[in-house]
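Chemist: Sharing a structure, written as structure tokens. Questions coming.
The values are calculated or read from the model by the stated rules, or taken from the named source; none is laboratory data. The model shown is predicted, which means the values in this text are computed figures rather than measured ones. Positions of Cβ are backbone-derived with ideal geometry, glycine not excepted, and every protein chain shown enters the neighbour counts. We work out accessible area using only protein heavy atoms, side chains counted, and drop any ligands, DNA or RNA first. Shrake-Rupley method; radii C 1.70, N 1.55, O 1.52, S 1.80 Å.
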Amino acid sequence: MNKAETIEKLKSIVKPYVKNAEAFENLSEDTDFIRDLQINSANLVDVALDVEEAFDITIDNASMEKMLNVKAALEIIESKLSEE
Amino acid sequence: MIGNDVIDLELAAAESDWRRKGFLEKLFSADEMRLVLESENPEISVWNLWSRKEAAYKIFNRNTGIRAFNPKHFHCRDLNDSGIVVFGDSRVYSKTEITSQYIHTICVEDRNDWNKIASLSESQIIKKDDLPFVYQHGGYFPATVSHHGRFEFRFGLFKNGLDRDLSFQSAMYRTFFGDFQQP
């Protein structure tokens with residue numbers, strides 16, 4: 001899976017939790033889940049769980065702590081996939 | 001420092017499925033999960049502990065400058081309406097108000113701070129570097145704002161402020177947290 005595909009998959013995961021549609025339309029690696037997309041903090045757990053299911057990976061606490069933006073999420077997904 | 005967090009229970013029920021597999025494990029320690037699952041109303045207990053962790057996180061975030069999604073870094077020992085939240089070498093004191101509509105927690109670092117807290121109106125909040133403050137009698141004091149669904153709560157911590165001058169208390173939007181009764 002290339003980076004563009006991973007971003008598309010991640011976009012479809014976060015979409016149901018997004019409160020700011022405009023920020024979602026303009027999503028980039030710099031997009032912050034809370035500040036830009038205005039995802040409720042409790043829903044970050046759902047994002048983590050959805051990512052685990054969609055990519056068949058396990059996100060440990062240390063990784064989840066950093067999962068605040070698209071860039072960090074991509075890095076975590078890529079690093080976990082390479083461990084598999 | 002001060003931190004608060006409100007949860008609109010109606011919105012939380014619509015937004016989150018706390019029974020979802022893996023959900024509680026990502027938020028809570030084994031001890032906290034036991035507290036929640038053995039309680040009379042697990043749903044209320046989930047949001048009770050979550051609001052405390054969020055309020056404590058705001059103090060952590062402001063004191064350290066660290067942004068993280070680290071709910072398991074914060075430990076609650078009970079479900080009482082007041083209690084200690086421990087994280088790292090720090091501990092903060094929490095007070096939680098539970099109503100049928102919302103759950104709201106305030107955390108402070110010092111027990112003596114409870115009578116230095118006052119509720120604020122929206123216009124009293126000043127943002128500096130994206131952090132809320134309140135300006136009163138020539139000085140800036142830390143403030144905390146939490147909004148979820150139908151509810152928004154704002155409080156200021158007037159450390160070394162209220163002791164010196166209690167005259168502006170009556171001008172406050174609401175009264176002290178200690179007088180803050182459940183509706």
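Chemist: Can you tell me the relative contact order of the range B:1-91? Whole percent, Cα pairs under 8 Å, sequence separation 6 or more.
Modeler: It comes to 33 percent, rounded to a whole number.
Chemist: On to the next question. Convert 10 °C to kelvin, take the viscosity as 1.306 mPa s, use the Kirkwood radius over C-alpha pairs of the range A:3-83 as Rh, and evaluate the Stokes-Einstein diffusion coefficient in µm²/s, rounded to a whole number.
Modeler: 128
Chemist: Rounded to whole Hz and in sequence order, give me ³J(HN,Hα) for the range B:87-98 from the Karplus expression 6.51 cos²θ - 1.76 cosθ + 1.60, θ = phi - 60°, writing x for Gly and Pro.
Modeler: The phi angles translate into 8, x, 8, 9, 9, 10, 9, 10, 10, 10, 9, 10 Hz.
Chemist: May I ask for the accessible area buried between chains B and A, both sides summed, probe 1.4 Å, to the nearest 100 Å²?
Modeler: 1800
Chemist: Moving to a separate point now. Pop the C-beta distance of residue B:19 and residue B:129 into the FRET formula with R0 = 30 Å and round what comes out to the nearest 0.05.
Modeler: 0.15
Chemist: If one puts a single equal scatterer on every Cα of the range B:18-69 and applies the Debye formula without solvent, what log₁₀ I(q)/I(0) results at q = 0.14, 0.21, 0.32 Å⁻¹?
Modeler: Those come out to -0.41, -0.77, -1.23, one per q.
Chemist: Can you give me the long-range amide H partners of residue A:33? Hydrogens built in the peptide plane at 1.01 Å from N, cutoff under 5 Å, separation of 5 or more residues or another chain.
Modeler: For residue A:33, whose amide H was placed from the backbone, the distant partners under 5 Å are A:69, A:70.
Chemist: Could you run the Karplus curve 6.51 cos²θ - 1.76 cosθ + 1.60 with θ = phi - 60° over the range B:72-80 and give me ³J(HN,Hα) per residue in whole Hz, x for Gly and Pro?
Modeler: Listing the rounded values in order: 7, 6, 10, 10, 10, 9, 8, 10, 5 Hz.
Chemist: Which translational diffusion coefficient, to the nearest whole µm²/s, is obtained for chain B from the Stokes-Einstein equation, given a Kirkwood hydrodynamic radius over C-alpha pairs, 25 °C and 0.890 mPa s?
Modeler: Rounded, D is 145 µm²/s.
Chemist: Also, I was wondering about something else. Carbon and sulfur: what percent of the protein assembly as shown's accessible surface (1.4 Å probe)?
Modeler: Looking at the protein assembly as shown in its full context, I get 46 percent from C and S.
Chemist: Relative to the Cα centre, what is the charge dipole magnitude of chain B, using +1 at the beta carbon of each Lys and Arg, -1 at the beta carbon of each Asp and Glu, and rounding to the nearest 20 debye?
Modeler: So the dipole magnitude of chain B works out to roughly 440 debye.
Chemist: If you count, for every residue in B:22-34, the Cβ atoms of partner chains within 10 Å of its Cβ, what is the mean?
Modeler: Partner Cβ neighbours, averaged per residue: 2.
Chemist: Using θ = phi - 60° and the Karplus curve 6.51 cos²θ - 1.76 cosθ + 1.60, what whole-Hz ³J(HN,Hα) does each residue of the range B:44-54 get, with Gly and Pro shown as x?
Modeler: Running phi through 6.51 cos²θ - 1.76 cosθ + 1.60 with θ = phi - 60° gives 4, 5, 4, 6, 4, 5, 5, 5, 5, 5, 5 Hz.
Chemist: Now a separate question. If I take every Cα pair under 8 Å that is 6 or more residues apart in chain B, average their sequence separation and divide by the length, what percent do I get for the relative contact order?
Modeler: 27 percent.
Chemist: Further question on the same structure: Is there a simple number for the mean count of other chain Cβ atoms within 10 Å of the Cβ of residues in B:10-16, and what is it?
Modeler: The per-residue average across the peptide is 2.
Chemist: Which positions within the range B:52-95 get 10 Å² or more of their accessible surface covered by the other protein chains, compared to the chain by itself, with a 1.4 angstrom probe?
Modeler: Those residues are B:54, B:67, B:68, B:69, B:70, B:72.
Chemist: What number comes out for the charge environment of residue B:157, summing +1 per Lys or Arg and -1 per Asp or Glu over other residues with Cβ under 10 Å away?
Modeler: Charge balance near residue B:157 sits at -1.
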